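Everything on this sheet refers to the single structure shown next.
Please treat every number below as a calculation from the coordinates, not as lab data. Predicted, not measured: the structure shown is a model, and the values here were computed from it. Here the Cβ positions follow ideal geometry from the backbone for every residue, glycine too, while neighbour counts run over all protein chains shown.
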Amino acid sequence: MYRILNAHLVEKARTPFYDQLKKYVLMAKDAWHTPGHSSGDSLRDSPWVSDFYDFIGEHIFRADLSVSVPMLDSLLEPTGVIMEAQKFAAKAFGARQTFFATNGTSTANKVILQTLLVPGDKLLLDRNCHKSVHHGVVLSGAHPVYLDSSVNRKFNIYGPVPKQIIFRAIEQHRDAKVLILTNCTYDGLCYDLPPIIEAAHARGIKVIIDEAWYGFARFHPAFRPTALEAGADYATQSTHKVLSAFSQSSMIHVNDPDFNEHLFRENFNMHASTSPQYSMIASLDVARKQIVMEGYKLLARTLDLTKELRAQINSTGVFQVLDLPELLPDEIKQDGIRLDPTKVTVDISRCGFTVEELIQELFERFNIQVEKSTFNTLTLLLTVGTTHSKVSRLYDALMRIARENRVARRIYQTAEIPRFTELRYLPRDAFYCAGETLPLLDENDNINTRLNGRISADQITPYPPGIPVLVPGQLITQEITQYLAGMLRSQKHIEVHGIVFDGYLPCLRVLTAIEEKNLERLKD
Ligand SMILES: Cc1ncc(COP(=O)(O)O)c(C=O)c1O
């Protein structure tokens, strides 16, 4: 028995790609191929840039190799150690097949959408999906049906789509091909996925779950079920966000019984670089090994730290961690939503700083950088890399600030994103129109009423929270222009992606009357 167990352990502990990469580097072959730095030789003795070599470290250069090295396999057509590493990952994460993506989940989402959808195919999607999903809509030519997310108005947190809205959309759009949702959300809210996936499958709809923030979930019962365990056909995970992989290293897990691997490959190859970064592939191999071998222990520790941090923050008497009932928007209180406790959202409204001031105070005075914020909350992310001393330093900082007894500041609530209006044309058709740019505000700062009733050619996304206020093909209304103008006027620091600036004048790219005439109007 011991020998069998040991054999299993030895097998799981293998890292086929990483082992081979190390082996190759130690062989110290002369490189007559790319990359141009040639194992760092171009940098090492340079009077100008050797500091970069010293800072980054020798091995990152030695391990930066090219597809010319056959023993390291090919990411685009794996038959050797990359294929083997992907098979190990599939087994670990409970997939039929797993693919490594070196351009993040941003690309993973686009690849799957392009694989599953042809122009005109209907896609049900959370409007709060990451922007890569909206880009996937343009690339695939899909006909999107946007499902408005729930909103917690007290904290301006956008949550899951209410179950009833999803069920209704599945019923109404019998011709839908795909449903895509984000689980968990950025703030850690997890859907009750099994009945949703079951309802979608009953109508022949494939389900993709963006698990960018939930790649660790399979390795501790507190977080299960994962998307695949709940029956999803595809799950995309930013391994780098929550496990020990390098940035941009993600995984695509496939359980679709009708998976068309050829089509997937064609789309994957359309997006992937022909010169992948091998350290990233090795980091995926190693992250998988780590979470398999010691994931339960690490996640149990992370959960303990989470509990400790929550209690400590609440003990300041000023900062308060939001629990599930406070986070949940009213419309999803009965939806069986769970909270991933490793995402810690803190109400800061009584601390005497605005959220921007607090973030700056934490950064400059205490050397602390947080994950995200709303007008009255901060969100902290705990991962397998969170340490006890880091938790103590944060507690110390918050306690010091709390003891300063500042008078609570008046905090101005940001406006709620207008509900989706109407999609007149396919986003892809609208995006590829030349359009014309119309100012959002005139020189006297008045809102341009000529935009009302026009159709956006671009995706307009204020960041944060990253939810598109307009997508290509969408009808512009006064409510939307007022919202955008309010945002540009009141919060100078906010990024609004998609706005065209004519000098200082913010403009929107809209379809011309002739372009609209030439496009086919969508039916529903
Ligand atoms: C829900 C969601 N999906 C996808 C992505 C993109 O992931 P990546 O950074 O791996 O490209 C993000 C990034 O923040 C995200 O929040």
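The Cβ shell under 15 Å around E11 holds other residues with a net charge of +4, Lys and Arg each +1, Asp and Glu each -1.
The length gained by stretching the chain between V496 and F366 to full extension, at 0.36 nm per residue less their Cα-Cα distance, is 43.8 nm.
Extending 7 Å from the Cα toward the beta-carbon at both T421 and V10 defines two label points whose distance is 6.7 nm. Between the beta carbons of D442 and E520, assuming R0 = 51 Å, the FRET efficiency works out to 0.95 to the nearest 0.05.
A simple spin-label model places the labels of A311 and E266 5.8 nm from each other, with each point 7 Å out along Cα-to-Cβ. Between S373 and T379, the built amide H atoms are under 5 Å apart, and every one of these is 5 or more places off in sequence or on another chain. Summed over qualifying helices (DSSP H, 4 residues or more, each -39500 (n - 2.57)) and divided by its residue number, the chain shows a 222 nm mean residue ellipticity of -11500 deg cm²/dmol. Which FRET efficiency value, to the nearest 0.05, is calculated for N452 and H33 with the Förster distance at 51 angstrom and r the Cβ-Cβ distance? Between N452 and H33 the formula returns 0.30.
DSSP beta bridges confined to the chain are antiparallel in about 70 percent of cases. Label point of M71 set 7 angstrom out along Cα-Cβ; within region 21-44, amide nitrogens under 14 Å from it belong to 21-31. For region 16-111, the set of chymotrypsin sites (Phe, Trp or Tyr not before Pro) satisfying both a DSSP loop assignment and a count of at most 15 other C-beta atoms within 10 Å is given as W32, W48.
In terms of the Cα gyration tensor, with a ≥ b ≥ c the square roots of its eigenvalues, is region 295-403 rounded because a/c is under 1.5, prolate because a/b exceeds b/c, or oblate? Note, shape of region 295-403 comes out oblate.
Taking θ as phi - 60° and the Karplus parameters 6.51, -1.76 and 1.60, the scalar couplings of region 54-61 work out to 5, 5, 6, x, 4, 6, 5, 7 Hz in sequence order, x denoting glycine and proline. For region 349-354, the Karplus equation 6.51 cos²θ - 1.76 cosθ + 1.60, evaluated at θ = phi - 60°, returns couplings of 5, 9, 8, x, 10, 6 Hz by residue, with Gly and Pro reported as x. Sites listed here are trypsin sites (Lys or Arg not before Pro) in region 457-524 whose DSSP assignment is loop and whose Cβ has at most 14 other Cβ atoms within 10 Å: K492, R521, K523. Charge tally around K517: other residues with Cβ under 15 Å, Lys/Arg +1 each, Asp/Glu -1 each, net -2.
Residues in region 495-506 carry Karplus couplings, in order, of 8, 10, 5, x, 6, 9, 9, 9, x, 8, 8, x Hz; the curve used is 6.51 cos²θ - 1.76 cosθ + 1.60 with θ = phi - 60°, and Gly or Pro positions show x. Here the average projected area of the convex hull drawn through the C-alpha atoms of the chain stands at 28.7 nm². Excluding A311 itself, what net charge comes from residues whose Cβ is under 15 Å from its Cβ, given Lys and Arg +1 and Asp and Glu -1? After counting each charged neighbour, the total is -2.
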